[in-house]
Amino acid sequence: MKPSGIGGQAVLEGIMMKNQDKYSIAVRKPNQEIEVCVKEYNSIIKNKKLLGLPFIRGVFNFIDSMVLGVKSLTYSASFYEEEEIAQEEKPLDKATNKMFGEKAEDVLMGLTVFFSVIVSVALFMVLPFFVTDTIQRFTGWESHLAFNTIEGCIRIGLFLIYILLISRMKDIQRTFMYHGAEHKCINCIENGYELTVGNVKVNSRYHKRCGTSFLFLVMIISIIFFLFIRVDNRIWKVVFRLCLVPVIAGVSYEFIRLAGRSESKLVNVLSKPGMWMQKLTTREPEDDMIEVAIKAIEAVFDWEKYQEGEENTEVEVGKKPGRRRERKKKTQQQAHQQLEESAQQIRENINLIDLDEQPEDVEILFGDDEDDL
């Protein structure tokens, strides 16, 4: 079956799911009710032609996903704030509201994404370079290939340490379980199963289009790209690395996009390392987590249309999720009932036949006594 094209993200006690120009956030509230919010998705780039260009679209999609991720996390966290904090306006909120008015939330969102990118680049791109450079100065070796290989290994090592450290937090452990529920639901749909808790549970929690695979791929591809930086000045080496980050992100995005659409053996083999990394960022979900993921999907994606081969998978306004499934079940029940009624009618007709009143030739044919048999 062709790829569904939907994607999502685990948030605090919930799931964000995006389909085309809409996204939903389903959150399990403290009172155990599921809150579902559906909104229009607006990209930071308004030119759709630009978003369709290979490699360039990967950079903007990465930034878009970060912005949407922060919004979704903020929304889900709002259900779990302490009452005192929720009731009082924070000093930072007061300052930003005073300075930017109605745009205060967008400004804070932009600053959050900006600093997240800065910290990520500094930790996983710049720091490995300086650590490797320090090792080189103390050891005295001059191999360019060895430098980039060691730098890449340090980068991957830092990434693994980061994941292992945050995975010790209880909230993150549950988030990883929701991450698994998201993958299982998408795999369930794309494998052609009906979207139910039971069917979702038997599907894999790993998916080739996962963000974890994307980040791991960025680190692998960076080793190849950085081999072409042939300058002696340390500052210029760092500058060139920073300039290549968008290019590496674009190439990684195109591969992840290809992996989600291809069943080629080569693509599957190249996707394996990223899938292995998902063992760290996903966990087997509980049934109530799967219920939340199903709600998030059904709010923006008509999986029944998708499985029937229809192109338009947007959820119709006012349409009850699973309506076709219920109609199909009702039709099957009606057909079964009609079959039972027909069978009963046949049995009644047979019982009305009285063999004693059959014509004499029939009696002679079968015989009236044992001697005639």
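Taking all protein chains in place and a 1.4 Å probe, what share, in percent, of the accessible surface of the range 185-258 do carbon and sulfur account for? Here carbon and sulfur together make up 66 percent of the probe-accessible area. Calculated on the alpha-carbon coordinates, the convex hull of the range 106-170 measures out at 97 cubic angstrom per residue. Relative to its residue count, the range 139-196 spans a Cα convex hull of 90 Å³ per residue. Pairs exceeding a 25 Å alpha-carbon distance, out of Lys39/Lys295; Lys201/Lys305; Lys39/Lys170; Lys170/Lys201; Lys22/Lys265: Lys39/Lys170; Lys22/Lys265. Note on the range 219-282: Rg/Rh from C-alpha atoms, Kirkwood Rh, equals 1.09.
Each Cα pair of the range 115-261 feeds into the Kirkwood radius, which the Stokes-Einstein equation turns, at 4 °C and 1.567 mPa s, into a diffusion coefficient of 74 µm²/s.
The values are calculated or read from the model by the stated rules, or taken from the named source; none is laboratory data. On a predicted model such as this, the values are computed, not experimentally measured, just so you know. Note: areas computed on protein heavy atoms with side chains; ligands, DNA, RNA excluded. Shrake-Rupley method; radii C 1.70, N 1.55, O 1.52, S 1.80 Å.
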